[in-house]
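The values are calculated or read from the model by the stated rules, or taken from the named source; none is laboratory data. Keep in mind the model is a prediction, meaning the values are calculated, not measured. Ideal geometry is used to build each Cβ from the backbone, glycine not excepted, and the neighbour counts take in all protein chains shown. Please note that ligands, DNA and RNA were not included when accessible areas were found on the heavy atoms of the full protein model with its side chains. Shrake-Rupley method; radii C 1.70, N 1.55, O 1.52, S 1.80 Å.
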Amino acid sequence: MNVLVIGKGGREHSILMKLAESERVDNLYAAPGNGGITQHATCVDINETEIDKLIDFALTNQVDLTVVGPENPLLDGIANRFQAEGLKVFAPTKEAALLEGSKSFAKEFMQKYDIPTAGYATFTDAEAAKKHIKESGAPIVIKADGLAAGKGVVVAETVEEAVEAVDSMLVDKAFADAGETIVIEECLVGKEFSLMAFVNEGNVYPMIPARDHKRAFDNDEGPNTGGMGAYAPVEDITSEIVSFTTREVLQKAADGMMEEGCPFTGILYAGLMQTEDGPKVIEFNTRFGDPETQVVLPLLENDLAQVFSDVLDGNDPQLQWEDSIAVGVVVASNGYPGSYDKGVSLPNFNPSESAYIVHAGTKKVEGKLVSDGGRVLLVGAKESSIADATSEVYQTLTDLDNSKGFFYRNDIGKHS
Ligand code: AMP
Ligand code: GLY
């Protein structure tokens, strides 16, 4: 079969690495891909939101299956458009992708279907929002309703900070349309984890739990980012917690979307807090997580092309996971998640046998690899213990010691 993967990040590189191992795949394409993806797939110069061009490409090149990585094309209706052309696509429709695209939709949906989540209220008026904050007190969480690349969330420790966040979103329009409505949530306390599943309508096949680290700097300090490192599976997230989350969150969400008349097909991602009262949803994403995918897929023993086909055809893919732990640390450009330079030379990494490199913001210029984004690449390793995997990763990262322009967290996998 011919497979097209849409996107250019680490998540897509990871999906393509796994698909490249498949005996079922004849031709692998990536649009637009990145500097590392060229090793596994033919990179096509079409951006992720150029849906007409992507459809043309898929039709002309007899693409049998398209997998969509990022969220923006989902909300633009890429799955609806591909399906209308009779093209097989592993991705939710734009109606189903609203679980990620609108936090207020997601919160109302969770309330309706009794899915555990933080208490909340929705506002468009700044004064009403501030009154609510003053009555509730801090800590409290302020979120832009729409997509904001992981940056539209403020966990405010004080009432003043929360009021500032309201002004920035509703008055100064820091997130433009995405912040026209805000959600104010109860602050949950506990350990975070992510659980992703392959979903086709009412069928839910969970993966292993992962833990992402969203803050830019060590000890969870600094601004929120798209994710600075991850590991999977997560020791403190027991199989009982995974079963509970599968039943009470992912299955209820899949069933609820069918009830709503917009059945979900694709990857459903729940970001959760393991609270004293059990797991509660922080957010839904309607796609593979980044960087969770880079530590989850390397542990999948199945042929990924077969898994996508099975799930789409309504068959149980019988997921099997390697009994190891994968750790991944993101190398980012100095300045990320704010502004940063591009085009900085990257060293040649010499990963050991159990380590691997997943590219995100890289490109090849005259045969040499340079940075081309905020999150540049991820160094991962899988080993029988988290300590060994972590030490392999940080050993490989010493190859970066003489390069300027990059930073990474030193504490991924070292404390949970
Ligand atoms: P989100 O973009 O919704 O995943 O939020 C980004 C980060 O903010 C999460 O990974 C959490 O660390 C934090 N966060 C979001 N919502 C809450 C909440 N209700 N309580 C505590 N922390 C939260
Ligand atoms: N790692 C969180 C996300 O993919 O949104």
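Annotations
- Selection status of G222, buried (at least 22 other Cβ atoms within 10 Å of the Cβ) and modelled with pLDDT under 95: no
- Those residues of region 350-371 which are within 25 Å of the chain's Cα centre (by Cα) and within 27 Å of A232 (Cα to Cα), in sequence order: P351, S354, A355, Y356, I357, V358, H359, A360, G361, T362, S371
- Of residues in region 2-43 being among the hydrophobic types (A, V, I, L, M, F, W, C) and without any contact (Cβ under 8 Å) to a residue 24 or more places away in the chain, the one farthest from E85 (Cα to Cα): A20
- Looking across region 325-342, the residues that are small (G, A, S) and either part of a loop (DSSP other than H, G, I, E, B) or more than 14 Å from V379 (Cα to Cα) (or both) come down to S333, G335, G338, S339.
- Residue pairs meeting the criteria (Cβ under 8 Å; at least 6 apart or on separate chains; first modelled with pLDDT of 95 or more, in region 272-289; second part of a loop (DSSP other than H, G, I, E, B) and within 12 Å of ligand 2 (Cβ to nearest atom)): N285/E71; T286/E71; R287/G69; R287/P70; R287/E71; F288/G69; G289/G227
- Scan of region 212-231 for residues that are within 9 Å of ligand 1 (Cβ to nearest atom) and either in contact with a Leu (Cβ under 9 Å, 6 or more places away or on another chain) or of a type in the set (D, E, K, R) (or both), ordered by number: D212, K214, R215, D220
- Whenever a residue of region 212-231 is in contact (Cβ under 8 Å) with a residue 24 or more places away in the chain and assigned to a loop (DSSP other than H, G, I, E, B), its partners that are more than 14 Å from ligand 2 (Cβ to nearest atom) and of a type in the set (S, T, Y), lying with C-beta atoms within less than 7 angstrom and at least six residues away or across chains, give the pairs T225/Y336.
- Of everything in region 232-242 that is open to solvent by 20 Å² or more (accessible area, probe 1.4 Å) and in a loop (DSSP other than H, G, I, E, B), the residue that is farthest from ligand 2 (Cβ to nearest atom) is T238.
- When the residues of region 256-288 are filtered to those that are buried (at least 24 other Cβ atoms within 10 Å of the Cβ) and among the small types (G, A, S), the one that is farthest from ligand 1 (Cβ to nearest atom) is G266.
- Matching residues, region 375-410, being open to solvent by less than 50 Å² (accessible area, probe 1.4 Å), modelled with pLDDT under 95 and more than 16 Å from Y356 (Cβ to Cβ): S403, G405
- Selection within region 98-153 - within 16 Å of ligand 2 (Cβ to nearest atom), part of a helix (DSSP H, G or I) and at pLDDT below 90: K103
- Scanning region 283-300 for residues that are over 18 Å from Y231 (Cβ atoms) and either in a helix (DSSP H, G or I) or more than 8 Å from ligand 2 (Cβ to nearest atom) (or both) returns F284, T286.
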